[in-house]
1. Does Ser5 satisfy the criteria of being small (Gly, Ala, Ser), touching a Ser or Thr at 6+ places or on another chain (Cβ under 6 Å) and at pLDDT below 85?
2. Looking only at segment 54-81, filter to residues that are closer than 25 Å to Gly36 by Cβ and of a type in the set (D, E, K, R); which one of those is modelled with the highest pLDDT?
Amino acid sequence: MRNQSLVHDPPRFARGSLQGGFARGYFLRRYGVLHGRRGPRTALTEALVVFGDALIFSYDLAAFRGPVAGWRAPAGRPRHPQPPRDAIDERISLLESLRLRVCVYGADACT
């Protein structure tokens with residue numbers, strides 16, 4: 001199922017991209033997700049998501065501005081504890097996680 005409002009309404013798509021990126025950047029910093037054994041995979045996934053969003057879907061810099069603003073927002077605040085282990089599904093591979101993200105945009109690969 002395609003999310004038509006995101007794909008066919010560029011201003012709304014850019015706003016959603018900016019807000020989603022902000023949330024991801026904030027979460028990564030505030031919870032210290034990039035520290036520890038999951039850090040490299042998380043950083044790679046985030047980089048692929050940002051570049052994919054900017055180059056394939058939105059064609060603007062909202063995909064870059066959101067995570068940067070989210071990363072800066074919690075500066076100087078104490079880090080929250082990392083999410084509980086059972087909050088992360090270890091069965092989802094890197095490729096599967098990327099496929100799931102593409103499915104949000106209604107790609108044919110998801111049917």
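The values are calculated or read from the model by the stated rules, or taken from the named source; none is laboratory data. Note that the structure is a prediction, hence the values are computed from the model and not measured. Backbone-built Cβ (ideal geometry, glycine too); neighbour counts: all protein chains shown.
1. no
2. Within segment 54-81, the match that is modelled with the highest pLDDT is Arg72.
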